[in-house]
Amino acid sequence: MVGTFKGNHFMEEIRNQKLTGERALFMSKGLSIRDSIFLDGESPLKECHDISVEGSSFQWKYPLWYCSDVRVRDCTFFEMARAGIWYTENISMKDCLYQAPKGLRRVRNLELEDVDFPHADETLWYCSGVSAKRVLARGDYFAMSSSNMKFEGLNLAGNYSFDGCTDIEIVGSKLISKDAFWNCHGVTVRNTFVSGEYIGWNSSDLTFVDCTLESLQGFCYIKNLKLVNCRVLNTNLAFEYSTVDVESLTPIDSVKNPLGGKIRCPSIGELIFDDPDVKKEETEILLTNGAAKDGIRF
């Protein structure tokens, strides 16, 4: 180890090392790790605080548990580094490849920038205070039961994403995700493409602005759904049992049993009211192409 100074903190440095064995650097503090490899051995950095890891790789399980004040740069987490970062707070990750599933859980105050998650199954569960830019993720059940999260440039391919989340903002992204945003509260999505069946069920206060949306039977069972300047493509049986304020720039294939509110669009292919308990007069529908349709009022 080589001693260096960083601010007012003495920081030991580990460089060009192969680290093996369980808890290789357990409870380290004020440590800089560079160009090193964590080989076999669980929990190499468990209970570590005020550490920096750069240009290194993690090749075994549970690398960063119960840690705080962690900086990770230009690192690779191999597939066997599963369940890698749990119960950790104040951590930033930049320019990383994170191959392992179940990657982040119960993490608080997390920054992600230019991070790829090619196996993002069950990743970002029960996390809070997340700021993420240019994240690529592929895997099911991404970001479940998390809160206070902001994504810019998220490219996600995986079903059941953001289940049970609160206070979420997504900007400039692409999501291919069946059953996205279920059981959510307080979600705002801007300038984003979202495609997947059954989007947003059982949620409240969902807002989509300047988005392109595609969904089979999407946006149902929602309280306070708002679409602003959106393009609703290839979407049918939409808005069932939802209260809505919808502005679509494109025709909507079919709408079924909305509970109330307003729908504004060029046309609706089929308007279905087949539940006698749903009062169609509670929903105002404005067709911007000027065509009248039975059951639609202006």
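The values are calculated or read from the model by the stated rules, or taken from the named source; none is laboratory data. Since this is a predicted model, take the numbers as computed values, not measurements. Neighbour counts run over all protein chains shown; Cβ positions are idealised from the backbone, glycine included. Ligands, DNA and RNA are excluded from the accessible area calculation, which covers all protein heavy atoms including side chains. Shrake-Rupley method; radii C 1.70, N 1.55, O 1.52, S 1.80 Å.
A few comments on the model shown:
- Some residue of region 278-285 being of a type in the set (A, V, I, L, M) and farther than 25 Å from Ser177 by Cα: yes
- Lone qualifier among Val130, Val187 - being of a type in the set (A, V, I, L, M), in a strand (DSSP E or B) and over 26 Å from Glu214 (Cα atoms): Val130
- Selection within region 217-253: residues that are polar (S, T, N, Q) and open to solvent by 30 Å² or more (accessible area, probe 1.4 Å). The member of this set that is farthest from Cys184 (Cα to Cα) is Asn234.
- The criterion of being assigned to a loop (DSSP other than H, G, I, E, B), without any contact (Cβ under 8 Å) to a residue 40 or more places away in the chain and touching a Pro at 6+ places or on another chain (Cβ under 8 Å) holds for Glu122.
- Qualifying residue in region 128-143 (condition: of a type in the set (Asp, Glu) and either open to solvent by 40 Å² or more (accessible area, probe 1.4 Å) or more than 20 Å from Phe239 (Cβ to Cβ) (or both)): yes
- Condition check for Lys102: basic (Lys, Arg) and open to solvent by 60 Å² or more (accessible area, probe 1.4 Å): yes
- Exactly one residue out of Asp179, Asp163, Asp140 is within 24 Å of Lys226 (Cβ to Cβ), assigned to a loop (DSSP other than H, G, I, E, B) and under 12 Å from the mean Cα position of the chain (by Cα): that is Asp163.
- Residue count for region 254-272, restricted to those that are part of a strand (DSSP E or B) and either among the aliphatic types (A, V, I, L, M) or under 23 Å from Asn191 (Cβ atoms) (or both): 8.
- Conditions (1) assigned to a strand (DSSP E or B); (2) in contact with an Asp or Glu (Cβ under 7 Å, 6 or more places away or on another chain); number of the one not met by Glu22: (1)
- Residues (open to solvent by less than 30 Å² (accessible area, probe 1.4 Å) and hydroxyl-bearing (Ser, Thr, Tyr)) located in region 254-278: Ser254
- Any hit, region 68-83, residues being open to solvent by less than 50 Å² (accessible area, probe 1.4 Å) and touching a Lys or Arg at 6+ places or on another chain (Cβ under 6 Å): yes
- Residue within region 100-118 that is more than 24 Å from Ser68 (Cα to Cα) and part of a loop (DSSP other than H, G, I, E, B) present: yes
- Single unsatisfied condition, Val209 versus (1) open to solvent by 20 Å² or more (accessible area, probe 1.4 Å); (2) touching a Cys at 6+ places or on another chain (Cβ under 8 Å); (3) under 18 Å from Ile91 (Cα atoms): (3)
- Of the residues making up region 31-41, those that are open to solvent by 60 Å² or more (accessible area, probe 1.4 Å) and part of a loop (DSSP other than H, G, I, E, B) are Asp35, Asp40.
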